[in-house]
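The structure under discussion appears below in the form of structure tokens.
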Amino acid sequence: MKKEFKKLQLFAGTEFDSNAYCDFSSSAAKAVAGKDILLAIWSSDGAKILAISGQQGLTINRSADSIEITSKDTTGGWKSKIPGMKEWSIDNDGIYVAGDESHKILSEAFEAGDPVCVKVYNGKTKKGMFGGLATITDYPLEAPHDDAMTYNLTLEGMGALVDLTINPPASDTLPERAGA
């Protein structure tokens with residue numbers, strides 16, 4: 001037991017040469033690659049979740065209205081504002097994969113005007129990031145003569161976009177092909 005203690009003492013503080021050149025605590029080492037962040041959609045019955053096939057771009061938009069509260073006695077001539085109602089949307093685009101189940105679900109929901117339940121997740125860490133109920137407001141397909149067929153998707157939130165890193169679900173369900 002004494003030998004083991006000396007061995008631990010000898011190597012204490014030498015991890016990665018005391019982080020002289022391999023500092024895993026730096027922000028760069030903790031950065032998230034965009035390629036790992038994926039959008040998924042639940043089937044209409046909630047039985048399964050599918051990554052949207054062919055994804056290339058993903059933007060999560062969050063904003064709040066601005067309510068002006070300036071009055072004649074506001075100091076220094078500067079306007080004053082407070083946040084109002086919040087909203088969110090997601091823009092997603094990529095290569096259109098004809099016949100893929102995720103695009104069938106999107107098309108059916110768009111045609112019927114039905115809301116969809118979506119989830120943004122990190123395919124590398126296998127953890128959910130955001131989730132919410134949304135309506136599909138834009139779903140064009142583009143088929144140029146000299147390039148691949150593509151899709152663009154705009155989802156507008158119906159209620160809160162839940163931050164799953166703060167409020168994780170009891171069961172963090174991911175698509176079968178959840179890898180990035």
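The values are calculated or read from the model by the stated rules, or taken from the named source; none is laboratory data. Remember, predicted model here, so these are calculated numbers, not experimental data. Don't worry about glycine lacking a Cβ; one is built from the backbone with ideal geometry, like all the others, and counts go over all protein chains shown.
A single entry from Lys86, Lys119 fulfils the requirement of being closer than 19 Å to Ile49 by Cβ and not in a loop (DSSP other than H, G, I, E, B): Lys119. If the condition is being surrounded by 17 or more Cβ atoms within 10 Å (Cβ to Cβ), under 19 Å from Ala134 (Cα atoms) and either of a type outside the set (Gly, Ala, Ser) or modelled with pLDDT under 95 (or both), then the range 92-111 contributes Asn92, Asp93, His103, Ile105, Leu106. Report whether or not Thr154 is assigned to a loop (DSSP other than H, G, I, E, B) and out of contact with any Lys or Arg (no Cβ under 6 Å at 6 or more places or on another chain). Answer is no for this residue.
Considering the range 112-145, the residues that are β-branched (Val, Ile, Thr) and crowded, with 16+ Cβ neighbours inside 10 Å include one that is nearest to the chain's Cα centre (by Cα), namely Val120. Has the range 165-174 got any residue that is without any contact (Cβ under 8 Å) to a residue 40 or more places away in the chain, hydrophobic (A, V, I, L, M, F, W, C) and surrounded by 12 or more Cβ atoms within 10 Å (Cβ to Cβ)? No, that holds for no residue.
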